[in-house]
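The values are calculated or read from the model by the stated rules, or taken from the named source; none is laboratory data. All figures in this text were calculated on a predicted structure; none of them were measured in a lab. As a convention, Cβ positions derive from the backbone with ideal geometry for all residues, glycine included, and neighbour counts pool all protein chains shown. To get the accessible areas, we keep the full protein, side chains included, count just its heavy atoms, and leave off ligands, DNA and RNA. Shrake-Rupley method; radii C 1.70, N 1.55, O 1.52, S 1.80 Å.
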Amino acid sequence: MKMKSLVFAALLFTACNKENPISTAPADDVCVQKRAIADGSIIPDQYIIAYNSTINTDNTGSRPIAEIGVSMLKRNGINSSSLKHSFSGKPGGFVAKLSKSEVELLKKDKDIALIEPDRMIALSTCFSIAAPRLITWNVLRTGYGDGTGKTAWVIDTGIDFDHPDLTVDAARSKSFISGQTSANDDNGHGTHVAGIIGAKNNTIGILGVASGASLVALKVLAANGEGPVSGIIQALAYVNANAKAGDVVNMSLGEDGVSEILNQQVKNTASRGILIAISAGNDGKAANAFSPANTNGINIYTVSAVDSLDNFAKFSNYGNDVVDYAEPGVNILSTWSNGRYATASGTSMAAPHLAGLLLLNGRNIYTVGSAKNDPDGVSDPIAHK
């Protein structure tokens, strides 16, 4: 395990306005958020370029960050119109449309550390619309508390701005999808994640782990569940510029492969005291083969999934070299787009349980029990309030 945890001997529950908890969910893994066919596919001629450590994109003075990339392109004889987006942080860099010969030129530039082809991340969203049930089995299993005044940054498909059971910070929300200015959710996945983190403690719907938390939607996946890795990197740069230490980022997504630039950007965000919950993935494989789940470092937590009986979910990725905790991820009821509620399964659902706990307790994570039948032979501890 990347980090050790204290273990509570008993489950402790606080008083709540929402009552009548439902019985435990069945142990089968229906409606799993699998990868879509397009996941991991290379975006033709589009590349992510990372600067080396001599370039400080966090403190560029009066010089706009885009000018750094433009200057690099020009001195290598490449048209500046090739630059599509810039991102700050460490490493910092830009996204550009380039020919193979132009890529080779940039690889020789002393100020460039790494060049990767941009790839698609694609979710195959599966869900079942359901009636709300107030306190659900998974939130009882994890524990819950008041998240009012605390902020979670949800890097996903957006969040339903008008959902009556969510407190969405629309002012700070932002879309990183080309041609879309709104971070409102037109898929449902991001809203489901958001509800697990912070659905309100009121008389309707469900209860989130950190009820009433402010939820910032950073939209990196479109209505079809697809978006480029470069959009996630830009979203993290936005978090770097706008979040504060103690805030939490949830990343219920991942690439079919490894992106060193994405992993470095995750570490950069975490180095600022921002806590990050990441889904392990739903491939039934070792999580160390997938970014950002394989990112190790302080304030970074990768989460596998269990069912209501603490059985390790058949679909969940595994591996104690990168996985920190297990959380409920099978048949999870939460908020959905257009004011609805739905059930879904996946490590996408497990990670926001931990995100809620990080909002409540910071890095002081406790555990109660562990995942049964963990395929790597070392049971992941189940985080609890």
query: Any idea which residue in segment 58-82 is modelled with the highest pLDDT, counting only those that are in a loop (DSSP other than H, G, I, E, B), under 29 Å from the mean Cα position of the chain (by Cα) and surrounded by 13 or more Cβ atoms within 10 Å (Cβ to Cβ)?
result: ASP58
- prompt: Given GLY205, GLY231, which one is at positive phi and open to solvent by less than 10 Å² (accessible area, probe 1.4 Å)?
  reply: GLY205
- request: Output the residue which, of all residues in segment 119-138 that are touching a helix residue (DSSP H, G or I) at 6+ places or on another chain (Cβ under 8 Å) and open to solvent by less than 10 Å² (accessible area, probe 1.4 Å), is nearest to LYS385 (Cα to Cα).
  value: ASN138
message: I'd like to check something: does segment 328-339 contain any residue that is within 16 Å of ALA152 (Cα to Cα) and in contact with a Pro (Cβ under 7 Å, 6 or more places away or on another chain)?
response: no
The one condition in (1) over 22 Å from GLY145 (Cβ atoms); (2) out of contact with any Asp or Glu (no Cβ under 7 Å at 6 or more places or on another chain); (3) open to solvent by less than 40 Å² (accessible area, probe 1.4 Å) that SER345 fails to fulfil: (2)
- line: The residue from SER173, SER124, SER128 that alone is in contact with a strand residue (DSSP E or B) (Cβ under 9 Å, 6 or more places away or on another chain), closer than 25 Å to TYR325 by Cα and touching a residue at least 40 places away in the same chain (Cβ under 8 Å) is SER124
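Given TYR318, TYR341, which one is under 27 Å from ILE274 (Cα atoms) and either touching a helix residue (DSSP H, G or I) at 6+ places or on another chain (Cβ under 8 Å) or modelled with pLDDT of 95 or more (or both)? Spell out how you get there, then give the answer.
Details: TYR341 fails: under 27 Å from ILE274 (Cα atoms).
Being under 27 Å from ILE274 (Cα atoms) and either touching a helix residue (DSSP H, G or I) at 6+ places or on another chain (Cβ under 8 Å) or modelled with pLDDT of 95 or more (or both) holds for just one of TYR318, TYR341, which is TYR318.
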